[in-house]
Amino acid sequence: MVPTRPSPPAIAPCPEEALFVELVRTADRLSRGPAQLLREHDLSPAPYNALRILRGAPEGLVCGEIAARMITREPDITRLLDRLEKRSLIRRCRQEQDRRRVLVRITASGLDLLSCLDPPIQQLHRRQLSHFTRKKLQGLTDLLAAARLQAE
């Protein structure tokens, strides 16, 4: 019989580790609802995010600018844009003055899809977070932004 080694005693997490675990758990739980809603429209969070970024840039953006503005890091932004273009939600235009630059713009179909998704997404977020006062929401937003800046 092989003797078993006793497990080492568990080390209590430091407050920063405990906060990190709570942030990840919370992000996972809060993101499930929007992911389900987007699935009903054959979208996942990353393409939805790209469409929202492009809606905010009617003049268009190059691929790298879209990638830099994404909420989560997207390792293959080109393929993501390929899928959106195949669905006619975006279009790419090569620039006359610099043929290396390809601007990406949202199409009318992409805008229509976002217009359809805006109300249910906002309602979902309100259901998830309306138990916080505006002051608490702003305070939490500020704290998370400060944490993100420190991590960069």
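Any read-out appearing in this document is the output of simple, stated calculations on the displayed coordinates, not a laboratory observation. Note that the structure is a prediction, hence the values are computed from the model and not measured. Cβ placement follows ideal geometry from the backbone for every residue including glycine, while neighbour counts extend to all protein chains displayed.
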Practice problem: Report the net charge of residues surrounding GLN128, where surrounding means a beta-carbon distance below 13 angstrom and charges are Lys +1, Arg +1, Asp -1, Glu -1. | Solution: +3
Self-check item: HIS131/ALA12 FRET efficiency (R0 22 Å; Cβ-Cβ; nearest 0.05)
Solution: 0.15
Self-check item: ASP28/GLU65 FRET efficiency (R0 22 Å; Cβ-Cβ; nearest 0.05)
Solution: 0.20
Quiz prompt | Computed [θ] at 222 nm, helices only, for the chain once each DSSP H run of length n ≥ 4 contributes -39500 (n - 2.57) | solution = -20000 deg cm²/dmol
Quiz item: Taking +1 at the Cβ of each Lys and Arg and -1 at the Cβ of each Asp and Glu, which of SER31, ALA108, HIS131 sits farthest along the dipole of the chain towards its positive end, judged by Cα position relative to the Cα centre?
Solution: ALA108
Quiz item: Amide H neighbours of VAL62 under 5 Å, counting only residues 5+ apart in sequence or on other chains, H built in-plane at 1.01 Å?
Solution: VAL104
Exercise. State whether region 80-152 is rounded, prolate or oblate according to the following rule on the C-alpha gyration tensor (a ≥ b ≥ c being the square roots of its eigenvalues): a/c under 1.5 gives rounded; otherwise a/b larger than b/c gives prolate, and the remaining case gives oblate.
Key: oblate
Self-check item: Gyration tensor (alpha-carbon) shape descriptor, region 32-105, a/c threshold 1.5
Solution: prolate
Practice problem: Report the label-to-label distance for ALA147 and LYS86 in nanometres (one decimal), using points 7 Å from each Cα along the Cα→Cβ vector. | Solution: 3.7 nm
Quiz item: Roughly speaking, what is the stretch gain from ARG79 to ALA108, that is 0.36 nm per residue apart minus the C-alpha to C-alpha distance, in nm to one decimal?
Solution: 8.4 nm
